[in-house]
Amino acid sequence: MKNQGFTLIELIVVIAIIAMLTALATFNFNQARVRARDVQRKSELRQIVNALELFKNDWNPQRYPTDGEGLNVLVTGGLMAKLPVDPREKATDGSWADYTYDQLTSLTFILTACLENASDPDKSVGSCGPGSVGVPYQLTQP
């Protein structure tokens, strides 16, 4: 009478194949999450630019908020419901650790976000600054 079933080697090979497929799927899933957070950062910066344009048009002569005023004037002025929070820092509301606003002149500014995906096609030249990880993405006006 012959025993029916799998040998130990066959079972080990199947388990190894399943483990490799799981590892690949996990890696791809994590990369998709990184890209999704970067898309959200870019979208939030564009929303801030739109609010800054509204702020500028409310002033005569036109100007953007000063560095001293910061972006909180967009919320207090009713142009935004609240400032966006970096997707990695959602738990600490109000955290702008990876976003920066710098007014260059009364009519020019730079908004910067640190993207996690170093191969992002929209990345800017430079670094994100001390303590930040990633590559910079900058929007300037005008």
Quickly rank 56-64, 44-52, 99-107, 8-16 as a protection proxy: mean count of other C-beta atoms within 10 Å, highest first.
44-52, 99-107, 56-64, 8-16
What do you get when you divide the Cα radius of gyration of the chain by 2.2 N^0.38 Å, with N the number of residues?
1.63
Quick one: net charge of Asp102's neighbours, Cβ under 14 Å, K/R +1, D/E -1?
-2
Residue separation between Asp102 and Asp122 times 0.36 nm, minus their alpha-carbon distance, gives in nm 5.2 nm
Can you list residues whose amide H is under 5 Å from Gln141's amide H, if they're 5+ apart or on another chain and H is modeled 1.01 Å from N?
Phe109
I need the phi-derived Karplus couplings for region 26-39: 6.51 cos²θ - 1.76 cosθ + 1.60, θ = phi - 60°, integer Hz, Gly and Pro marked x.
5, 4, 5, 5, 5, 5, 5, 5, 4, 5, 5, 5, 5, 4
Over the chain, what percent of the accessible surface lies on carbon and sulfur atoms, probe 1.4 Å?
61
Quick one: go through region 56-87 and flag any residue whose amide nitrogen is under 20 Å from the point 7 Å out along the Cα-to-Cβ line of Ile110.
64-72
If Rh is defined by the Kirkwood formula over all Cα pairs and Rg also comes from Cα, what ratio Rg/Rh do you get for region 39-80?
0.99
Solvent-accessible heavy-atom area per residue, rounded to whole Å², over the chain at 1.4 Å
65
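The values are calculated or read from the model by the stated rules, or taken from the named source; none is laboratory data. All values reported here derive from a predicted model rather than from experimental measurement. Cβ coordinates were reconstructed from backbone atoms using ideal geometry, including for glycine residues, and neighbour counts include every protein chain displayed. All accessible areas refer to the heavy atoms of the entire protein, side chains included, with ligands and DNA or RNA removed. Shrake-Rupley method; radii C 1.70, N 1.55, O 1.52, S 1.80 Å.
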